[in-house]
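Engineer: Handing you a structure now.
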Amino acid sequence: RFAYVNGRYVRHKEAAVHIEDRGYQFADGIYEVCEVRHGALVDTTRHLDRLDRSLSELQIASPMPRASLVAVMREVVRRNRVRDGMIYIQVSRGVAPRDHLFPPQGTPPALVITARSSSPAKAAKTAEAGVNVITLPDNRWERVDIKSVSLLPNVLAKEAARKAGAKEAWFVDSDGYVTEGSSTNAWIVTAEGALVTRPAEHGILRGITRTAVLDLARREGITVEERPFTVEEAYRAREAFITAATTLVMPVVRIDDHAIGNGKPGSIATELRQRFHEVVE
Ligand code: PDD
């Protein structure tokens, strides 16, 4: 395996960043995860638009022009012989002696890109069974719209989910509304068959998979309600599912101690999963 680290392709085993990298010291960096399918990058433009937005919100310089970045991403996929899997891009504010203040103007941002294969067959099996979700208070900062590598609450939530026999944890705000999962967006389907997901203005990351699923649902004539929903409403939902570039559309069959619907993956979630790649390129 190979990784791209600050201008060089290096063996994954030996790939390393400097101890004074601000990503390492302050979590002062951002990232993206894109799906790789049939050897190609999926929804690249939207992912790189979001990467640019994360960088500008944090006033981190762009590491390289977009066309060059896409070329490097493709090369990382090629060198790792990834057919199906994911690519990870991380940009930190660069290397400088530890100081909370931004480093001097002209300090180059640090760029790392890795790629990894995954098994579509294994994912399909997981989707056939559906996954369990737990709920936890959302204890994150207010700028979760930025795809920052500062993910401690998410890491703790995911581990709590695992300990509870669940695949994901849904964060819940102080008013009892679900925000999103620790690494996914959260969705329910009402008894009337409407798709509900929280608006992306506040409290969640605007998932690229989320955007694609909204496009797909509208195209299929499914009623879409972008509004917050409570945990109580989710317990009573006909269906639930999560979305991310890593899981795509993944049916949820249990939330805390409540079986969702008949306890099996719902038909809308299953259809959206099957048709997902019709609306992305
Ligand atoms: N996570 N919400 C959070 C908090 C996320 O971390 C992610 C993605 C999403 C879904 O976004 P998208 O559809 O663009 O993947 C929502 C990535 C996959 C990760 O951290 O591994």
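The values are calculated or read from the model by the stated rules, or taken from the named source; none is laboratory data. A quick note: this is a predicted structure, and the numbers were derived from the prediction, not measured. Positions of Cβ are backbone-derived with ideal geometry, glycine not excepted, and every protein chain shown enters the neighbour counts.
Engineer: If T107 passes every condition in (1) within 14 Å of the ligand (Cβ to nearest atom); (2) in the same structural domain as G7 (by TED's automatic domain parsing) but one, which one does it miss?
Structural biologist: With respect to (1) within 14 Å of the ligand (Cβ to nearest atom); (2) in the same structural domain as G7 (by TED's automatic domain parsing), T107 is out only on (1).
Engineer: Kindly indicate whether I19 is in contact (Cβ under 8 Å) with a residue 12 or more places away in the chain and of a type in the set (A, V, I, L, M, F, W, C).
Structural biologist: no
Engineer: A further question follows. Which members of the stretch 93-115 meet the condition of being free of Cβ contacts under 8 Å to residues at least 40 places away in the same chain and of a type outside the set (G, A, S)?
Structural biologist: D99, L101, P104, Q105, T107
Engineer: Which number in (1) more than 19 Å from A166 (Cα to Cα); (2) touching a residue at least 60 places away in the same chain (Cβ under 8 Å); (3) among the polar types (S, T, N, Q) marks the one condition that T247 misses?
Structural biologist: (1)
Engineer: Next question, about the same structure. Looking at the stretch 1-118, what helices (runs of 4 or more DSSP H) fall wholly within it and have at least 3 residues that are among the acidic types (D, E)?
Structural biologist: So the answer is 44-57.
Engineer: Among the residues of the stretch 194-221 satisfying the criterion of being of a type in the set (K, R) and surrounded by fewer than 21 Cβ atoms within 10 Å (Cβ to Cβ), which is nearest to E142 (Cα to Cα)?
Structural biologist: In this case the residue turns out to be R206.
Engineer: More than 25 Å from A121 (Cα to Cα) and modelled with pLDDT of 95 or more - does that describe any residue in the stretch 270-279?
Structural biologist: Among the residues of the stretch 270-279, not one is more than 25 Å from A121 (Cα to Cα) and modelled with pLDDT of 95 or more, which makes the answer no.
Engineer: Among the residues of the stretch 109-137, which ones are surrounded by 20 or more Cβ atoms within 10 Å (Cβ to Cβ) and closer than 17 Å to T184 by Cα?
Structural biologist: Result: A127, G130, V131, V133, I134, T135.
Engineer: Taking the stretch 168-212 only, how many residues are among the acidic types (D, E) and closer than 17 Å to V231 by Cβ?
Structural biologist: 4
Engineer: Would you kindly identify the helices (runs of 4 or more DSSP H) lying entirely within the stretch 192-281 that contain at least 3 residues that are within 11 Å of the ligand (Cβ to nearest atom)?
Structural biologist: 208-219
Engineer: Please indicate, with yes or no, whether at least one residue in the stretch 148-166 is assigned by TED's automatic domain parsing to the domain that holds I242, assigned to a strand (DSSP E or B) and within 11 Å of the ligand (Cβ to nearest atom).
Structural biologist: Checked against the condition, which is being assigned by TED's automatic domain parsing to the domain that holds I242, assigned to a strand (DSSP E or B) and within 11 Å of the ligand (Cβ to nearest atom), the stretch 148-166 yields at least one hit.
Engineer: Considering only the stretch 229-246, state which residues are surrounded by fewer than 21 Cβ atoms within 10 Å (Cβ to Cβ) and of a type in the set (S, T, Y).
Structural biologist: Answer for the stretch 229-246, where residues must be surrounded by fewer than 21 Cβ atoms within 10 Å (Cβ to Cβ) and of a type in the set (S, T, Y): T230, Y235, T246.
Engineer: Still on this structure, please answer the following. If you check A127 against the conditions, is it in a helix (DSSP H, G or I), within 13 Å of the ligand (Cβ to nearest atom) and more than 14 Å from the chain's Cα centre (by Cα)?
Structural biologist: So A127 fails the test.
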